[in-house]
1. From the list Thr283, Thr302, pick out the single residue that is hydroxyl-bearing (Ser, Thr, Tyr), closer than 30 Å to Val146 by Cβ and without any contact (Cβ under 8 Å) to a residue 60 or more places away in the chain.
2. In the range 103-118, is there at least one residue being under 20 Å from Ser176 (Cβ atoms) and at pLDDT 80 or above?
3. Can you pull out every residue in the range 140-155 that is open to solvent by less than 30 Å² (accessible area, probe 1.4 Å), modelled with pLDDT of 85 or more and of a type in the set (A, V, I, L, M)?
4. Being at pLDDT 80 or above and aliphatic (A, V, I, L, M) is the filter here, so list the residues in the range 187-230 that pass it.
5. What is the residue count in the range 368-394 for residues that are out of contact with any strand residue (DSSP E or B) (no Cβ under 8 Å at 6 or more places or on another chain) and more than 16 Å from Ile332 (Cα to Cα)?
6. Do you know which residues across the range 341-379 are under 21 Å from Phe265 (Cβ atoms), crowded, with 24+ Cβ neighbours inside 10 Å and among the hydrophobic types (A, V, I, L, M, F, W, C)?
7. Quick one: which residue in Lys259, Lys234 is basic (Lys, Arg) and assigned to a helix (DSSP H, G or I)?
Amino acid sequence: RDLQSSNVASTSPSSASPLAAVVQAPIFSPAAVTTSIPPMNTFDESAASTCFDTPNWKDEYVRGCDWYEKLDDSGCPKLGRLYEGNMGVANDNCCHCGGGSHSLPPTASPTITSSPTKSATPSSSSAPSMCNDTPGWYNYLGYDCVWYEVLDDPGCPKYGNLSADELDIATMSEGSAKDNCCYCQNDVDSNVSPTTPPSSSGTCVDTEGWEAEFGCGCEHFQEIDYPGCPELGKDGDWPMGPASENCCYCKDPTCDHYKSACQYFTTLSLQFWAYYPDLLQSTCDTAASCDCEAAVPVKIVTNLYYNSSETVGLYNECRCDFWFRLCEESGIGAVCDNAAEYCCGDYQYSTDDGSFRYLNSPLCYCDFFNYAQNELKYTLKPKALNISTEFANP
């Protein structure tokens, strides 16, 4: 196992109760990536004078022939047979790489841009534009735009100008981060926003005398629906209107409402987590935000070179305490999923083989894994990456 064990807290494995190991918040330090690309056949330059690139050809990362002209030698011995798209590889489609055609091509259609896109809000000329990172772009280490949010300041003054020419031939995408990442253009501060908790004590007052069917008042909705009443709040043709317009629990829920609903529905029955996982997850996430207002949002850095994703900033002592207590009280696997991640810290997931690498505290994950398997007959799932694959045995 390739594990970073220096930060592992001392634990005593027990299947009856997982020990939530308190570890230091992990430091993200990606290792440099090296590549070894076998040489290809050389290119006969005599054919270049009458050659035409295949119209609209793009590789699997939506890069055209000009990218290969900038980064590879004639004939493209290093990159020409890599990154095959729907129309083949560069060696078959780009003149610079030995491909293309020696007959005049028909008029080409507009090409796909490889820069981040901005769409202005049509309703107001002064409204800010919306920026989207370039799909599929990643730097020479293989990391996407979120990598810069972790290691650089807004606008990316440290690393934003690094480009293919300043690095090496292993660069996999065209242009620098400032050309492709919104965070590096000062348009946004982060792709992930922290959860804003509701007020701890509201000034809302239920409509006096309001009743739903069978004489049920606003308090009834706290037993049958989640805060905000997403399921039943707008139902019913009642004389004084629906619950969403008359009950504070439904129209302006407070932190107390969220915490009480999370505790109530979680401890009431496993079926609520089985049938309404998204609603209950959202309710409990909001409840945790009420107690952990200073929590830093978790970031997920994707490495497209290695086809893996890595959590950054997942360990959180406050959220660990919240979910850990709820896990022990309820004995519900989906609740313990959250406890394991916030108590044990960051991990890496490979989409190639489904493997997990526990970066922060593997023994802590081991305790939770054994508890879930032995006591709950449940295999933990990673909530932060939101993937369906179950955690591998640490």
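1. Working: Thr302 fails: without any contact (Cβ under 8 Å) to a residue 60 or more places away in the chain.
Exactly one of Thr283, Thr302 is hydroxyl-bearing (Ser, Thr, Tyr), closer than 30 Å to Val146 by Cβ and without any contact (Cβ under 8 Å) to a residue 60 or more places away in the chain, namely Thr283.
2. Checking the range 103-118: not a single residue is under 20 Å from Ser176 (Cβ atoms) and at pLDDT 80 or above.
3. Of everything in the range 140-155, just one residue is open to solvent by less than 30 Å² (accessible area, probe 1.4 Å), modelled with pLDDT of 85 or more and of a type in the set (A, V, I, L, M), namely Val146.
4. Val205, Ala212, Ile224
5. Of the residues in the range 368-394, 3 are out of contact with any strand residue (DSSP E or B) (no Cβ under 8 Å at 6 or more places or on another chain) and more than 16 Å from Ile332 (Cα to Cα).
6. Selection gives Ala372 alone.
7. Just a single option satisfies the conditions, and that option is Lys259.
For every residue, the table says whether it meets (1) assigned to a strand (DSSP E or B); (2) modelled with pLDDT of 90 or more; (3) within 30 Å of Trp137 (Cα to Cα).
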| site | (1), (2), (3) |
| --- | --- |
| Thr311 | yes, yes, yes |
| Asp321 | no, yes, no |
| Arg325 | no, yes, no |
| Ala339 | no, yes, no |
| Gln348 | yes, yes, yes |
| Phe369 | no, yes, no |
| Glu375 | no, yes, no |
| Lys383 | no, no, yes |
| Asn393 | no, no, no |
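The values are calculated or read from the model by the stated rules, or taken from the named source; none is laboratory data. Keep in mind the model is a prediction, meaning the values are calculated, not measured. Note that each Cβ is placed from the backbone with ideal geometry, even for glycine, and that neighbours are counted across all protein chains shown. Heads up: the accessible areas ignore ligands, DNA and RNA and are worked out on the full protein's heavy atoms, side chains in. Shrake-Rupley method; radii C 1.70, N 1.55, O 1.52, S 1.80 Å.
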